[in-house]
Amino acid sequence: QLVIENVPGSQAEGNPFFVTDLGFTSAGSGSNLAVNGDFETGDFTGWEQFPNGGTISIVSPGAGGAGSAGSADASGMAIGVTLKQANLGAGTLTPGQQVTVNFDWRGTDGVGGVVDVRLLSEVSGGGVSQEDIILGGAAFPADWTSITPAVINIGPDVSGGISLQFTAICGGDPSCVSTISIDNVSIVAN
């Protein structure tokens, strides 16, 4: 709430004043928490990387045929090649608050390759209070595909913020294929 008064008898009485571009939001509301979700910096600013024997790289073009995207390749014997936006909104998010997750992705899979995308409600000092699976399994799309917005009520303890992790997974078969590319990642606190 904002109250603007021109108090009778004050120095301001009768003098005009102007207020422009005024807006209100609650803490974290409507803001994109993801950092460099479109990879347009050309690097992994804002992203934690866990190659675990695989390869993580910037690829072009990204979704829509332009720009850049992030890529995780676990093909062969790599297990759990992960790109992660970590501990976002710590101190500003509230337990049970809704967040909306959007991203574009494509990939190649075969001989046991799978993808796993999760939103983690992080506890300060370590651990998670809730894990939400956004995407999992095989049958990767060859063309850029937008994930229908995932609206999630975050966990009961988000003192460590939330994390979104994308993981390409292969097992012990050397002919396994699991390569994913991601772009236009957004995580909006509602």
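Across the accessible surface of the stretch 49-190, with the other protein chains kept in place and a 1.4 Å probe, carbon and sulfur atoms take up 53 percent. Using the Cβ-Cβ distance between residue 41 and residue 134 with R0 = 25 Å, the FRET efficiency computed as 1/(1 + (r/R0)^6) comes to roughly 0.55. Across the stretch 53-190, Cα-Cα pairs farther apart than 21 Å form 43% of the total. Largest first, the residues 122, 48 sort by 1.4 Å accessible area into 48, 122. Calculated accessible area for the stretch 99-148 comes out at 45 Å² per residue, all protein chains present (probe 1.4 Å; ligands, DNA, RNA ignored). Close amide H partners of residue 135, meaning residues 5 or more places away or on another chain with modelled amide H under 5 Å apart, are 117.
The values are calculated or read from the model by the stated rules, or taken from the named source; none is laboratory data. Everything quoted here is computed from the prediction, not taken from an experiment. Positions of Cβ are backbone-derived with ideal geometry, glycine not excepted, and every protein chain shown enters the neighbour counts. Just the protein is used for accessible areas: all its heavy atoms, side chains included, with ligands, DNA and RNA removed. Shrake-Rupley method; radii C 1.70, N 1.55, O 1.52, S 1.80 Å.
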